[in-house]
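Report on the structure given below.
The values are calculated or read from the model by the stated rules, or taken from the named source; none is laboratory data. Predicted model, so just to flag it, every value in this text is computed and none were measured. Cβ placement follows ideal geometry from the backbone for every residue including glycine, while neighbour counts extend to all protein chains displayed.
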Amino acid sequence: MTVVLQVGNRTITSEEIVPLLASYQLLPRLLFELIIDEAIAPFTHTLEEEESAYEKFCQKNHLDSNRELQTWLKRNGMTAQQLQTYVRRSLKIEKFKQATWGNQLESYFRSRQSEFDQVLFSLIQTNDLAAQELYFRILEKEADFAELARKYSQDANASNGGLIGPVSLSNCHQTLAKMLSVSQPGQLWPPTRLGESMVILRMEKLIPAQLDDLMRQRLLSELFAAWLQEQFNQIGEIGMLP
């Protein structure tokens, strides 16, 4: 038996690797990576692209000196050459994503933009009896919304005058998201039941999502993850050779 891994005082042999991966449920992860390797095989890159990707990796992981780099390599059980291989692979993955879905991003973004739009809103959460009175005091401009929120709201944001956000509609309570999606800035909603409480809601501002670089990366990653899962599902069971 050949020892292939040393972990503390424990040695792992080549015969133990696959059973260990199976027992830790890591074989599917390995299969995902093999699917990726096959998909990215045709893609190439320039030396300049590789150097730029390596530099960005070091910046992201705060590897500003050779000492910090060596410490990171030891902590992650990698050699410098293996890190270069990892960076090259990551670069090819990004090229694969862009080549496969780059021309679909605008239409994909438009179809889902409402999920990414963010809102800023104010909320007062209180009991049934108080809600109606507070609502009319705000509606008739007898009192300031933020002042009443700080004094009467049971919501966690009461000390902030009831102000919440910016937050994506997809991260809001379903009832609130439905109301906010059809609101105009400044619109005040009458008391609405939310669980065991009543809430008074005011839309403050809509912040439309933009198809910027960060959003492009997010969408590409979503499409890539969905594709990878589909490829995995098509393979079926993982066969173990005797």
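At least 1 residues that are of a type in the set (S, T, N, Q), over 30 Å from Gln98 (Cβ atoms) and modelled with pLDDT of 90 or more in each: list the helices (runs of 4 or more DSSP H) lying fully within region 110-217 that qualify. Quick ask: steps written out before the conclusion?
Working: elements: 128-139, 145-152, 174-181.
Answer list for region 110-217: 128-139, 174-181.
Among the residues of region 158-193, write down those that are of a type in the set (A, V, I, L, M) and touching a strand residue (DSSP E or B) at 6+ places or on another chain (Cβ under 7 Å). Reasoning before the result, please.
Taking region 158-193 as the starting set, the residues that turn out to be of a type in the set (A, V, I, L, M) are 158, 163-164, 167, 169, 176-177, 179-180, 182, 188.
Within region 158-193, Leu163, Ile164, Val167, Leu169, Leu176, Met179, Leu180, Leu188 meet the criteria.
Going through Leu34, Leu47, Leu21, Leu63 one at a time, which residue ends up being within 24 Å of Gly8 (Cβ to Cβ), out of contact with any strand residue (DSSP E or B) (no Cβ under 7 Å at 6 or more places or on another chain) and assigned by TED's automatic domain parsing to the domain that holds Gln229?
Details: Leu34 fails: within 24 Å of Gly8 (Cβ to Cβ); Leu47 fails: within 24 Å of Gly8 (Cβ to Cβ); Leu63 fails: within 24 Å of Gly8 (Cβ to Cβ).
Being within 24 Å of Gly8 (Cβ to Cβ), out of contact with any strand residue (DSSP E or B) (no Cβ under 7 Å at 6 or more places or on another chain) and assigned by TED's automatic domain parsing to the domain that holds Gln229 holds for just one of Leu34, Leu47, Leu21, Leu63, which is Leu21.
Taking the stated definitions as given, is Ser221 out of contact with any Lys or Arg (no Cβ under 6 Å at 6 or more places or on another chain), hydroxyl-bearing (Ser, Thr, Tyr) and not assigned by TED's automatic domain parsing to the domain that holds Asp144? Before the answer, list the steps.
Numbers: out of contact with any Lys or Arg (no Cβ under 6 Å at 6 or more places or on another chain): yes; hydroxyl-bearing (Ser, Thr, Tyr): yes; not assigned by TED's automatic domain parsing to the domain that holds Asp144: yes.
Yes, satisfied.
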